[in-house]
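Encoded as structure tokens, the structure appears first; notes follow it.
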Amino acid sequence: MPRSRCGWGDVASARRWNAEASRALILRDNGSFPEAEAELRRLDVALDKAVPPLRQGGFLLIKCWGYGLWSDVEHVLSSLLLAEMTDRVPIVHWGDNSFYIDDGTDDAFGSLFEAIAPLTLAKLAAEEGDIYPPKYRRNNLDEVGLNIWDGPYSRLSGLYLLNRPERIVVSDFFTQVAELLPWLSPGHWLHGKPVLTAIRLLHEKYLAPAPDIRNQIDGFVTQHFESRPVLGVHVRNVDKALEDPAFAEENHAIPAMVNKHMTEAAQLRLFLMTDSAQVIETYRARYGERVFHTDCARANNLVPLTWRDTADRRQLGVEVILDTYIAAACDYFIGHGGSNVACMVACLKQWKPGTIQLIRDNIKTRRNWLLHDW
């Protein structure tokens, strides 16, 4: 259950920021703006008389973002934080826009992870009360792609959903932990935490792979990690360069980083996670039996695996989860900060200083302003 609450319009937060603005103004301008100072004092008096906004609690429906698995999961974790901030019961539902949903499956999230709350989408639709945004109604809560990027009530990230009075609120546009953290009240259990720490703690609190996936993770680690240390390496297929032109060039730095580790420690073994069949061949040719990996689908060209027709789409998600958790069991890790897979590995545990190297900053620490570039 939520540990505390906070939201836009919170009187205590407004008083705090008003006081800080007043102090900053006085220190900076030495009383040269009396009108502004008077206005700040007037606002402080008004806040004294303000009535805290009504909080109805209610429900937060967290829909699938519809992109890569860990991008989808970050949206879930961020929305779960939003649910805590607004005292709402979260319902996670990944519908037909999920890359990882099979025909005949109602909810891809529930097939990959343990349920967050016992309420289902069908039961939520039977709840009384109004809904925000109003593009949703009880008979279309399962609709995907509804005015996500354009049209009425499009691009509503979590910041737009704070302090809504409606009984049911729907989170369907990508929300980042980084954008919500500054709005936490001082009493919230994540207040003041760095972004990556907050993501790790939210993951530990809420997220657990489905039992069959956990068994596969534990079985692989037991079988293959009998000899330590292990270096985890993530090499994303070059299809990522289609959306990030600098990615391919920066990826070229990884082999030298890996070779430095492998040369300095002859006993070091390498767990390789990649969606590229060519990368497997290259690393096997160089390091032989020191390299090991899971048995999963891999690409031979620029077409991402998620874009391909396959009868078992859940398995694509299983393989991503499996590789990511196994990589987090490694002693060292190398990857690219522009990849959600590598960034999630960085968030799954507290890495000791010097044991993890990411090319470029972790994208989860930066606000994605392009999402709101109209």
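The values are calculated or read from the model by the stated rules, or taken from the named source; none is laboratory data. Since the model is a prediction, treat every value here as computed from it, not as a measurement. Cβ atoms come from the backbone with ideal geometry, glycine included; neighbour counts cover every protein chain shown.
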Next on the checklist: Residue pairs, Cβ under 8 Å, 6 or more apart or interchain, first in region 335-360 and assigned by TED's automatic domain parsing to the domain that holds PRO245, second among the acidic types (Asp, Glu) and surrounded by fewer than 19 Cβ atoms within 10 Å (Cβ to Cβ). List them.
Outcome noted: HIS336/GLU250; GLY337/ASP361; GLY338/ASP244; GLY338/GLU250; THR355/ASP331; ILE359/GLU250; ARG360/GLU250
Checklist entry - Among the helices (runs of 4 or more DSSP H) confined wholly to region 100-209, which include 2 or more residues that are buried (at least 20 other Cβ atoms within 10 Å of the Cβ) and within 22 Å of the chain's Cα centre (by Cα)? => result 108-112, 177-180, 195-206
Checklist outcome for this item: Residues of region 337-369 being out of contact with any helix residue (DSSP H, G or I) (no Cβ under 7 Å at 6 or more places or on another chain) and on the phi > 0 side of the Ramachandran plot, in sequence order, are GLY354
Next on the checklist: I'm trying to understand the selection: among the residues of region 96-123, which are acidic (Asp, Glu) and either at pLDDT 90 or above or touching a helix residue (DSSP H, G or I) at 6+ places or on another chain (Cβ under 8 Å) (or both)?
Outcome noted: ASP96, ASP102, ASP106, ASP107, GLU114
Checklist entry - What number of residues in region 260-297 are under 22 Å from GLU226 (Cα atoms) and surrounded by fewer than 14 Cβ atoms within 10 Å (Cβ to Cβ)? => result 8
Checklist entry - How many residues does region 267-283 contain that are over 28 Å from the mean Cα position of the chain (by Cα) and farther than 18 Å from PHE333 by Cα? => result 3
Next on the checklist: Suppose the filter is over 30 Å from ASN215 (Cβ atoms) and touching a residue at least 40 places away in the same chain (Cβ under 8 Å); does THR324 pass it?
Outcome noted: no
Item to check | region 352-374: number of residues that are in a loop (DSSP other than H, G, I, E, B) and either within 30 Å of LEU156 (Cβ to Cβ) or touching a strand residue (DSSP E or B) at 6+ places or on another chain (Cβ under 7 Å) (or both) | outcome: 9
